[in-house]
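The block underneath contains the structure these notes are about, expressed in structure tokens.
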Amino acid sequence: MSATQNSRVKPQNNLMIIAVMLSGTFIAVLNQTVISPALPSIMRDLHITASDGQWLTTAFMLVNGIMIPITAFLINRFTTRQLFIMSMLLFASGTTAAAVASNFSILLVGRVLQAMGAGILMPLIQTVFLLIFPKDKRGTAMGMVGIIMAFAPALGPTLAGWVVDTWGWNAIFSIIAPIAFIDIIFAFIFLRNVGETGKPSLDILSVILSTLGFGGLLYGFSIAGTAGWASPTTLITLIVGVIALIWFVRRQSSLKEPLLELKVFRISIFTYSTILSMIVSASLIAGGIIMPIYLQSVLQYTAMQTGFLMMPGAIMTGVLSPIVGMLFDKYGPRGLSVIGLGILTVGTAFFLFFDENTQFFTIMFVYTFRMFGMSLAMMPVGTWGINALDNRLIAHGNAANNTMRQVAGSIGTALLITIMTIATDAKTSEGFIPSTLFGMHVTFGCATALCFCAWILAVAVVKDDEAAKIRRQKRAACKDCYIE
């Protein structure tokens with residue numbers, strides 16, 4: 001027996017749904033980036049090693065990645081209110097535990113609870129926004145989500161650094177926790193249900209295989225760049241992950257109610273969209289990981305200076321997200337994605353010419369230019385793929401796309417760090433700065449090649465939807481069409 005939610009909500013209710021869910025998801029995404037600046041202080045206060053401290057980030061990433069494939073089942077099983085409030089309660093409970101943590105174990109448990117909540121929130125908000133907006137307004141919807149994905153990571157490290165220096169690392173979580181509980185109260189009052197729920201059965205073996213498969217790949221690739229590809233831990237983890245993932249895929253095809261509906265990949269547009277998203281996610285790792293190494297090791301910038309240099313690009317991405325969304329609704333994905341990936345490719349190539357004498361504002365301009373290209377490309381490509389799916393498959397499509405992007409990010413991290421290490425070691429005899437610069441140049445060369453491949457693929461496969469253009473024209477005079 002299917003339980004129907006209120007899928008055709010009024011415009012004023014739309015605004016409250018958007019406000020409540022954006023607020024909760026914003027602080028969850030913000031929380032992902034606050035640990036790095038606080039890690040030295042946490043290590044000192046809790047008397048832990050750097051490898052122990054790194055688990056605060058690794059565990060969050062793993063649990064977050066494991067939860068995402070399960071969200072399709074959760075979204076189909078629970079109402080919007082139930083799932084959002086449950087996720088926020090998990091996140092708020094973890095944040096509270098972290099705020100009062102007096103030892104490493106409690107802090108780690110808190111981070112795991114946070115990751116469980118955060119792993120559900122992003123796919124949930126994407127699915128809800130796609131359902132409350134018609135297809136010809138989905139670019140605008142995803143533009144709102146893009147604000148979260150850009151602003152929160154930009155503010156996180158800088159805000160956390162200031163809070164840690166002023167009040168200590170516990171204060172970070174003490175500030176976030178009450179905001180999370182206030183959002184839960186607003187959710188109880190204002191949040192309305194969107195879409196339809198049913199009573200899908202949960203296949204426990206699929207959950208186990210998904211956890212071992214995606215968790216094994218994420219962890220294996222995350223340590224490969226540092227522990228080495230020949231490390232027993234790396235090899236065993238990756239082998240277990242691959243075997244479990246193959247078993248998981250085969251099992252989904254035989255289940256009447258799969259945990260993750262992989263038939264979405266039979267739709268070519270969605271498959272192309274996911275491949276493009278994966279390539280861009282992998283190539284962007286060069287900017288997120290390799291560039292700080294260059295800034296701090298070669299140019300001797302502080303972590304705060306590095307954060308300020310990268311912040312304009314992230315802020316610009318947040319500002320552009322809703323604009324790009326409206327452009328997508330008006331013109332379609334092709335022009336935006338081709339131009340965006342072209343800019344991203346050129347911006348990445350500029351790093352091949354940076355050295356120890358490159359000026360601060362030159363690097364800032366190029367990095368911001370690169371992020372401008374990413375802003376034009378990422379959201380249109382993702383929304384183009386999701387628009388090819390029926391409403392009943394949107395939750396599965398979001399879960400699949402987000403999971404594959406996380407895996408691509410982990411693979412990109414491992415490969416690019418390995419490439420940089422090999423290239424740097426090859427020039428060690430020339431000194432630290434020349435060898436590090438050579439490693440950076442080779443790595444950004446590979447990232448440029450990835451971006452160029454994505455551009456070629458976009459030129460070949462991304463097309464504007466003629467039917468959508470006709471539909472937009474017909475809907476132009478219809479002010480009350482909020483759900484297709």
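Here are a few things to note about the model shown:
- Sole exception among (1) hydroxyl-bearing (Ser, Thr, Tyr); (2) at pLDDT 95 or above; (3) closer than 30 Å to residue 312 by Cβ for residue 96, by number: (3)
- Condition check for residue 335: within 22 Å of the chain's Cα centre (by Cα), small (Gly, Ala, Ser) and at negative phi: no
- Scanning the stretch 198-219 for residues that are crowded, with 22+ Cβ neighbours inside 10 Å, under 16 Å from residue 252 (Cβ atoms) and either without any contact (Cβ under 8 Å) to a residue 24 or more places away in the chain or not hydroxyl-bearing (Ser, Thr, Tyr) (or both) yields 209, 213, 214.
- Residue ID - surrounded by the fewest Cβ atoms within 10 Å (Cβ to Cβ), chosen from residues in the stretch 126-183 that are of a type in the set (D, E, K, R) and over 20 Å from the mean Cα position of the chain (by Cα): 165
Residues are listed down the side, and each one gets a yes or a no for (1) more than 20 Å from the chain's Cα centre (by Cα); (2) within 30 Å of residue 211 (Cα to Cα):
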{"site": "308", "(1), (2)": "yes, no"}
{"site": "322", "(1), (2)": "no, no"}
{"site": "368", "(1), (2)": "no, no"}
{"site": "381", "(1), (2)": "no, yes"}
{"site": "388", "(1), (2)": "yes, yes"}
{"site": "395", "(1), (2)": "no, yes"}
{"site": "400", "(1), (2)": "no, yes"}
{"site": "412", "(1), (2)": "no, yes"}
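- Checking residue 97 against (1) under 27 Å from residue 186 (Cβ atoms); (2) under 22 Å from the mean Cα position of the chain (by Cα); (3) not basic (Lys, Arg), the condition it does not meet: (2)
- Residue 300 at pLDDT below 90 and more than 24 Å from residue 412 (Cα to Cα): yes
- Given (1) surrounded by 23 or more Cβ atoms within 10 Å (Cβ to Cβ); (2) farther than 23 Å from residue 29 by Cβ, index of the condition residue 222 fails: (2)
- Failed item, numbered, when residue 412 is tested on (1) at pLDDT 85 or above; (2) under 23 Å from residue 343 (Cβ atoms): (1)
- Within the stretch 65-105, being crowded, with 24+ Cβ neighbours inside 10 Å and polar (S, T, N, Q) holds for 71, 80, 87, 95.
- With respect to the conditions (1) touching a residue at least 60 places away in the same chain (Cβ under 8 Å); (2) within 22 Å of the chain's Cα centre (by Cα); (3) more than 30 Å from residue 163 (Cα to Cα), residue 355 lacks only one, and its number is (2).
- Among the candidates 105, 87, residue that is small (Gly, Ala, Ser), over 22 Å from residue 171 (Cβ atoms) and at pLDDT 90 or above: 87
- Residue 139 vs. criteria assigned to a helix (DSSP H, G or I) and either closer than 19 Å to residue 396 by Cβ or not assigned by TED's automatic domain parsing to the domain that holds residue 24 (or both): no
- Scanning the stretch 380-399 for residues that are in contact with a Phe, Trp or Tyr (Cβ under 7 Å, 6 or more places away or on another chain) and part of a helix (DSSP H, G or I) yields 380, 383, 385, 397.
- Positions within the stretch 337-371 being among the charged types (D, E, K, R) and surrounded by 15 or more Cβ atoms within 10 Å (Cβ to Cβ), in sequence order: 370
- Within the set 161, 156, 168, the sole residue that is in contact with a Pro (Cβ under 7 Å, 6 or more places away or on another chain) and under 19 Å from residue 111 (Cβ atoms) turns out to be 161.
- Subset of the stretch 1-59 [at pLDDT below 85 and hydroxyl-bearing (Ser, Thr, Tyr)]: 2, 4, 7, 33, 36, 41, 49, 51, 57, 58
- Unique match (being hydroxyl-bearing (Ser, Thr, Tyr) and over 30 Å from residue 330 (Cβ atoms)) among 140, 127, 95: 95
- The residue that is nearest to residue 29 (Cα to Cα), among those in the stretch 308-327 that are surrounded by fewer than 23 Cβ atoms within 10 Å (Cβ to Cβ) and not hydrophobic (A, V, I, L, M, F, W, C), is 318.
- Qualifying residue in the stretch 338-358 (condition: β-branched (Val, Ile, Thr), in contact with a Cys (Cβ under 6 Å, 6 or more places away or on another chain), in a helix (DSSP H, G or I) and within 27 Å of residue 435 (Cβ to Cβ)): yes
- The one condition in (1) surrounded by fewer than 18 Cβ atoms within 10 Å (Cβ to Cβ); (2) within 18 Å of the chain's Cα centre (by Cα) that residue 418 fails to fulfil: (2)
The values are calculated or read from the model by the stated rules, or taken from the named source; none is laboratory data. Keep in mind that what you see is a predicted model, and the values were worked out from it rather than measured. Cβ atoms come from the backbone with ideal geometry, glycine included; neighbour counts cover every protein chain shown.
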